[in-house]
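Notes for the one structure printed next.
Every number here is computed from the coordinates shown, using simple stated rules; none is lab data. Computed from a predicted structure; not experimentally measured. Virtual Cβ from ideal backbone geometry, glycine too; neighbours counted across all protein chains shown.
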Amino acid sequence: MEALVRRGRRVARDGERTALIRSLRPVAAVAALLAATVVVAGCSTAPLDVGSTTSTPATSTGPRTATLAQADPIAVTPSPVPQLPATVDTADGRRVTVTDVSRIVALDRYGTYGTTVFALGLGGNLVGRDIATKFPAAQSIPVLTLGGTDANVEAIIALRPTVVLTDASLPSSATVVRQLSSAGIPVVVGSEKRDVADAPEQVRFVARALGVPEAGETLVRRVDDGLAQARRDRPDVPDGDRPRIAFLYARGTGLLILGGPGSGADSLIDAVGGRDAGTAAGLTDAFTSLTSEGLIRARPDVILMLTDGLRSVGGVDGLLRVPGVSETPAGRTRSVVDADDGELLSFGPRTGDVVLALTRALYGPR
């Protein structure tokens, strides 16, 4: 029995890693990552241009945490009254009509839908969530993603949801949608695209599906206001002096991935006035296995990480022991910015707040 338990735990860990990599877009990056062991040594998976070795970053130095002003999403007021039925065209090519939003389940890789439900003023209707929907007000709501990556269909059905919001960012999403639809549950499938530019449409889509489109427009204005404030708060520096910021995804030192074009984090970096270090160094995939050579050549002035990921490698001190990190400008100045896992990549109603918090963490008070 003990041997079976150990084997089960090993399989679960392997499954979580595979599911995680599958969820990182695009498909080309996934294939590259699955084809190789994720290590912190060896050759880079893409040619990197060393370029200039000088930098004049405008950022502050040292470790910092980007913290939102409010721990919970701020709901629109007054609370909207859903206008139902509401019909939407889903990302998987179906047309779905929602007639009841009294029991909502929100499941995606990033916590986007759960956050949006709360911000739309319907948080009291949320009966099931993904593990990334982790702000304080959601903590009592059951988590329905197994290992943080896939959906538990039986548990979802047991909650008797009147509508399920999800997308293809979860493994086996097509199977989950089919099973839930067969059970007579309306399943609204949104786009799995996540970046700053797409955040308003994510909000609008969920708002339309839940019959509260005007509340959605209120949230979109909040996003725009936050982005505008972030632009005012950041220093005005020439393009050549924009700080190089590398997004590093980590789950312990055994899983270290460097972001590149299309990672989603690159759009955040652009929004705060930085240059995505992976993209600037010549990466062509959204996510690439980290190598010491690749990181050194990327020359980040700042390393951006999820809070749990930074913790998993032993904090800043542990990160500096990862080969290559201490040899970068970011490593030499300990310039590591972390942000909450449930906020940084959610790309929904709090995107403006996230960009503003990152801006202030990067550049300091003005």
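When the GluC sites (Glu not before Pro) in region 247-352 are filtered for DSSP coil states and for at most 12 other beta-carbon atoms within 10 Å of their beta-carbon, no site remains. Each label point was placed 7 Å from the Cα along the Cα-to-Cβ direction; for S326 and L84 their separation is 5.9 nm. You can think of it this way: the chain between V237 and D317 has 25.8 nm of extra reach, that is 0.36 nm per residue less the Cα-Cα gap.
Test of understanding: what is the full-extension gain from R178 to A158, defined as 0.36 nm times their sequence separation minus their Cα-Cα distance?
That works out to 5.6 nm of additional length.
Scalar couplings 3J(HN,Hα) for region 309-315, obtained by applying the Karplus form with A = 6.51, B = -1.76, C = 1.60 to θ = phi - 60°, are x, 5, 4, 5, 9, x, x Hz; x denotes Gly and Pro. Note that region 70-84 has calculated 3J(HN,Hα) couplings of 10, 5, 9, x, 8, 6, 5, 10, x, 4, x, 9, x, 9, 10 Hz, one per residue in order, obtained from phi through the Karplus relation 6.51 cos²θ - 1.76 cosθ + 1.60 (θ = phi - 60°); glycine and proline are x. If the label point is 7 Å along Cα→Cβ of E201, which residues in region 83-127 have backbone nitrogen under 15 Å from it? Of the residues in region 83-127, 89-93 have backbone N under 15 Å from the label point off E201. For L146, the residues whose modelled amide H falls within less than 5 Å of its own, excluding neighbours fewer than 5 places apart on the same chain, are A151, N152. In region 86-211, the C-alpha radius of gyration followed by the widest Cα-Cα span (Dmax) gives 12.8, 36 angstrom. If the chain linking E293 and T77 were pulled fully straight, counting 0.36 nm for each residue of separation and taking away their Cα-Cα distance, it would gain 72.6 nm.
Which net charge results when you count Lys and Arg as +1 and Asp and Glu as -1 among the other residues whose beta-carbon is under 14 Å from that of R160? Taking every Cβ under 14 Å from that of R160, the sum is -1.
Less than 5 angstrom separates the built amide H of A132 from those of G111, all sequence-distant by 5 or more or on a different chain. Taking amide H positions as modeled 1.01 Å from N, with prolines and chain starts lacking one, no residue 5 or more places away or on another chain lies under 5 Å from R94. Applied to region 269-286, the Karplus parametrisation 6.51 cos²θ - 1.76 cosθ + 1.60 on θ = phi - 60° returns per-residue 3J(HN,Hα) values of 4, 5, 5, 9, x, x, 10, 5, 5, x, 5, 4, 7, x, 5, 10, 9, 5 Hz, with x for Gly and Pro.
Give me the net charge of V212's neighbourhood, meaning all other residues with Cβ under 15 Å from the Cβ of V212; Lys, Arg count +1, Asp, Glu -1.
Value of the local net charge: +1.
Sorting the segments 155-163, 270-278 by their mean number of nearby beta carbons within 10 angstrom, highest to lowest, gives 270-278, 155-163. Taking Cβ atoms as reference points and 11 Å as the exclusive limit, the residues near T115 contribute a net charge of -2, counting Lys and Arg as +1 and Asp and Glu as -1. Here Y249, Y110 are placed in order of increasing Cβ neighbour count within 10 Å, fewest first, which gives Y249, Y110. How many angstrom separate the Cα center of region 292-311 from the Cα center of region 65-143? If you average the Cα positions of each part, the centres end up 32 Å apart.
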